[in-house]
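To keep things clear, I will list the structure first and then write my remarks on it.
The values are calculated or read from the model by the stated rules, or taken from the named source; none is laboratory data. From a predicted model like this one, the values you see are computed outputs, not experimental measurements. Neighbour counts are summed over all protein chains in view; Cβ atoms, including those assigned to glycine, are modelled from backbone coordinates with ideal geometry.
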Amino acid sequence: MTGNVAAIDRGTARRLRRLFGEAISFTREDRICYSFDATDLRFLPEAVAWPGDAAQVAGAVGIAAESGVPVVARGAGSGYTGGSLPLSGGLVLSFERMNRVLLVDAKRKVAVVEPGVVNDDLRARVEAVGLTYPPDPASLRVSTIGGNVAESAGGPRTVLHGTTRDYVAGLEMVTAEGDIARTGVLSGSRHGWDGGPLFVGSEGTLAVLTRVALRLTELAESFATLWAEFPSLGHAASAVAQLTATGLPLSVLEILDGDTYACAHEYVLGAAPADSAEGALLIELEGSAREVTEGVATVSDLVRSNGATGVREAVGEKEREEIWEIRRSISPAIARLGEVKINEDIAVPRSAIPAFVGEMRRISSEAGLPILAFGHAGDGNLHVNIMLKRAGAGELERARRAVSGLFAVAVEMGGALSGEHGIGITKAEHLATELSPVSLDLTARLKGALDGRGILNPGKILADRPNPWWDPPGGNEDGCDRC
């Protein structure tokens, strides 16, 4: 157990069974299914419940609050920092059943959804009425809105449209005491202080979301998709710095190194690319037809002046989707290069991307480990992936030093530890390199004020513990023999 939280005793188990009926499980088989996320680290919960509405969530949190049982809200479990892992056992609330789009108001440009709605399903729903929901993480086909809000997820379109935080218009949530609270447009009030933004990006440590109101935007009149290849990642990074200074309506600006591109190309199309590019950019423009047409010409000239060996514009939806499938398949594609993939989503100012790429190459050489890079270059959010073998103890230590070095460089350049994945448990030990003691204390006091017993997603963000990659825990495999 972590902190002062308690195990689920027989009395608590009986109360939870009465609340959920068949929608709760204490069996080991079910609990194992909710013990891991994309990090592949594992912590076994004592129970898993599938709430159907806010009242059940409030009832469950209220019971947990009385007995001190930890509660972890879970969406699709696609996170890379351990945010949905039940470190302290306790109760996992999985939102698979709360997956309804409750309202799409085309006139007000607002959608109201339950937290289990899949990102891509929402986008398809609103595009049917001529609107769009821009935030689209690479995992949009599986990741849920609740998880996107908890992490303030970004995505390829962040450069023009912003992150999830910019689209949250209101929240319904359950507090650590089991009460239901509402903010923004869901509160029914247009006056006074709106505390909703406080909970966006809080990783489920302050409240449990049960409903989200989201702002929608108009679909673009026109768009164009381009693919540019470069002789080095440095050339591609230099092009990024210049492209973002042009003022063009760039909605997507994704960067890939050569190994990442080759792996994803073969994964999607079954063969390595014909050209051995060492860097690539996926670029999209959107706006009026005139803006896009003029923008394509400007972009083509600029990337060629930065050494691009090839530039092509996608012709038709099939070619565009093929390019996007390569981008979205990167994570599973490069996972084949090693038994362990440590994925860090480091953010740096866009102008610093070329310098950061140079430092990343230096750190990779010193560690003797391959570091692959790709990500949302348009807002400086780079995903650096260290590939290693699980059995290599020496590799783990070198990877630890490499990660620390990458974080230090990013912060020194005015960046951050995370652009969209959050802190969770994998970055908690490094948070003090980014936040001042005053900021850390303020964060801790806020957590204490809103969750005095520490039952909501304990052990995350402010935890004083080593990264579990370097010191894999024994976990809580004893399970819940009291249930």
Check your understanding: For region 28-37, does any single residue satisfy the condition of being modelled with pLDDT under 95 and buried (at least 20 other Cβ atoms within 10 Å of the Cβ)?
Key -> yes
Practice item. Report, by residue number, each residue of region 263-290 that is out of contact with any strand residue (DSSP E or B) (no Cβ under 7 Å at 6 or more places or on another chain) and closer than 23 Å to LEU382 by Cβ. Key: CYS263, ALA264, HIS265, GLU266, TYR267, VAL268, PRO273, SER276
Point to revise | Any hit, region 395-418, residues being basic (Lys, Arg), over 22 Å from the mean Cα position of the chain (by Cα), over 27 Å from GLU151 (Cα atoms) and modelled with pLDDT under 90 | key: no
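Select from region 28-78 the residues that are among the acidic types (Asp, Glu) and in contact with a helix residue (DSSP H, G or I) (Cβ under 9 Å, 6 or more places away or on another chain) and write down the one among them that is farthest from GLU177 (Cα to Cα).
Filtering region 28-78 for residues that are among the acidic types (Asp, Glu) and in contact with a helix residue (DSSP H, G or I) (Cβ under 9 Å, 6 or more places away or on another chain), the one farthest from GLU177 (Cα to Cα) comes out as GLU46.
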Exercise for review: Could you tell me which of the residues THR293, THR260, THR244 is within 17 Å of GLU325 (Cα to Cα) and either buried (at least 19 other Cβ atoms within 10 Å of the Cβ) or in contact with a strand residue (DSSP E or B) (Cβ under 9 Å, 6 or more places away or on another chain) (or both)?
Suggested key: THR260
**Study point:** Test set (1) part of a helix (DSSP H, G or I); (2) crowded, with 18+ Cβ neighbours inside 10 Å; (3) not small (Gly, Ala, Ser) - PRO51 fails condition number
**Key:** (1)
Review point. So which residues in region 187-216 are within 23 Å of ASN99 (Cβ to Cβ) and either at pLDDT below 95 or not in a loop (DSSP other than H, G, I, E, B) (or both), if there are any at all?
Key: GLY196, VAL208, LEU209, THR210, ARG211, VAL212, ALA213, LEU214, ARG215
Review point. Quick one: which of ARG320, ARG327 is more than 22 Å from the chain's Cα centre (by Cα) and under 21 Å from TYR261 (Cα atoms)?
Key: ARG320
Point to revise | Spans of helices (runs of 4 or more DSSP H) in region 321-423 with at least 3 residues aliphatic (A, V, I, L, M) and touching a strand residue (DSSP E or B) at 6+ places or on another chain (Cβ under 9 Å) | key: 353-367, 393-412
Point to revise | Enumeration of residues in region 127-167 that are at pLDDT 95 or above, surrounded by fewer than 21 Cβ atoms within 10 Å (Cβ to Cβ) and assigned to a helix (DSSP H, G or I) | key: GLU127, ARG165, ASP166
**Study point:** Single unsatisfied condition, VAL61 versus (1) under 23 Å from the mean Cα position of the chain (by Cα); (2) more than 27 Å from GLU429 (Cβ to Cβ); (3) buried (at least 17 other Cβ atoms within 10 Å of the Cβ); (4) in contact (Cβ under 8 Å) with a residue 60 or more places away in the chain
**Key:** (1)
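Mind checking which residues of region 299-309 are on the phi < 0 side of the Ramachandran plot and surrounded by 14 or more Cβ atoms within 10 Å (Cβ to Cβ)?
Within region 299-309, VAL299, SER300, LEU302, VAL303, ARG304, ASN306, ALA308, THR309 meet the criteria.
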Study note, to complete from the structure: The number of residues in region 182-228 that are surrounded by 15 or more Cβ atoms within 10 Å (Cβ to Cβ), without any contact (Cβ under 8 Å) to a residue 40 or more places away in the chain and at positive phi is 1
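Yes or no, residue by residue, for (1) surrounded by fewer than 17 Cβ atoms within 10 Å (Cβ to Cβ); (2) on the phi > 0 side of the Ramachandran plot; (3) touching a Pro at 6+ places or on another chain (Cβ under 9 Å); (4) touching a residue at least 60 places away in the same chain (Cβ under 8 Å):
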site	(1), (2), (3), (4)
GLU286	no, no, yes, yes
ALA289	yes, no, no, yes
GLU313	yes, no, no, yes
ILE323	no, no, no, yes
Exercise for review: Consider only pairs whose beta carbons are under 6 Å apart and that are at least six residues apart or on different chains; among these, list those whose first residue lies in region 249-268 and is aromatic (Phe, Trp, Tyr) and whose second residue is not in a strand (DSSP E or B).
Suggested key: TYR267/SER329; TYR267/ALA333
Study note, to complete from the structure: By residue number, the members of region 14-46 that are within 28 Å of the chain's Cα centre (by Cα), outside any strand (DSSP E or B) and among the polar types (S, T, N, Q) are SER35, THR39
Review point. Which residue pairs have Cβ atoms under 8 Å apart, sit 6 or more places apart or on different chains, and have a first residue in region 129-140 that is in contact (Cβ under 8 Å) with a residue 40 or more places away in the chain and closer than 13 Å to LEU216 by Cα and a second that is of a type in the set (Lys, Arg) and assigned to a loop (DSSP other than H, G, I, E, B)?
Key: LEU131/LYS109; PRO134/ARG157
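Restricting region 296-316 to residues that are assigned to a helix (DSSP H, G or I) and not β-branched (Val, Ile, Thr), which is farthest from VAL240 (Cα to Cα)?
GLY316
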